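Here is the structure we will look at.
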Amino acid sequence: MLLLRYRPRSIAEARQRMTEQGFDHDMIEAAIQQAVATDQLDDAAFAKLWVRDRMWHHPLSRAAISQELRGKGIHPDLISGTLSSEYPAVREIELATGLAEERIRRIRGISPDKRRNRLMAFLARRGFSQNLIYQVVKTVEKDLDHDD
């Protein structure tokens, strides 16, 4: 029996890794079937874990997480369902706002235009949409002006 080292993987990742290691197709499929049957591989659980990990340890937009999961071979319907349950759109606004508030405190001493540009670039690198970025930056800057 072929054993996978424990690291959460999608089924597609496990299949690719075993192919790269030179195992034949029949052996790979047998290992995948057994791993799925024993809940060692589960794309739904993997997607849920991935979304939660991203939200807590490396916050990204819903679109960026969706792209990552597609790259890991997760079915689009499963991605959509997982994001709907684990990372609703309203949570994305809260997450982006929290990131912006944290970042703006660090760059408080620079000119407003430079600060705005840096903040927008930071959120864009995290995959947030331009509309959301503008909304969040406007709110955070308004709050910063009231604090001063």
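The values are calculated or read from the model by the stated rules, or taken from the named source; none is laboratory data. Quantities reported herein were computed from a predicted structural model and do not represent experimental measurements. So basically every Cβ, Gly included, is an ideal-geometry build from the backbone, and we count neighbours across all protein chains shown.
General remarks:
- Residue within region 42-54 that is surrounded by 15 or more Cβ atoms within 10 Å (Cβ to Cβ) and of a type in the set (Asp, Glu) present: yes
- Set Pro76, Pro88, Pro59: member being out of contact with any strand residue (DSSP E or B) (no Cβ under 7 Å at 6 or more places or on another chain) and farther than 30 Å from Val140 by Cα: Pro76
- Failed item, numbered, when Ser84 is tested on (1) within 26 Å of Ile11 (Cβ to Cβ); (2) touching a helix residue (DSSP H, G or I) at 6+ places or on another chain (Cβ under 8 Å): (2)
- Check on Ser66, surrounded by 12 or more Cβ atoms within 10 Å (Cβ to Cβ) and either under 16 Å from the mean Cα position of the chain (by Cα) or closer than 17 Å to Ala45 by Cβ (or both): yes
- Taken over region 78-101, the criterion of being surrounded by 15 or more Cβ atoms within 10 Å (Cβ to Cβ), closer than 13 Å to Arg54 by Cβ and of a type outside the set (A, V, I, L, M, F, W, C) is satisfied by Thr82, Glu86, Tyr87, Glu92.
- Pairs, first not assigned by TED's automatic domain parsing to the domain that holds Ile74 in region 14-27, second surrounded by 12 or more Cβ atoms within 10 Å (Cβ to Cβ) and assigned to a loop (DSSP other than H, G, I, E, B), C-beta under 7 Å, six or more apart: Ala14/Leu4; Ala14/Leu41; Met18/Leu2; Phe23/Leu2; Met27/Leu2
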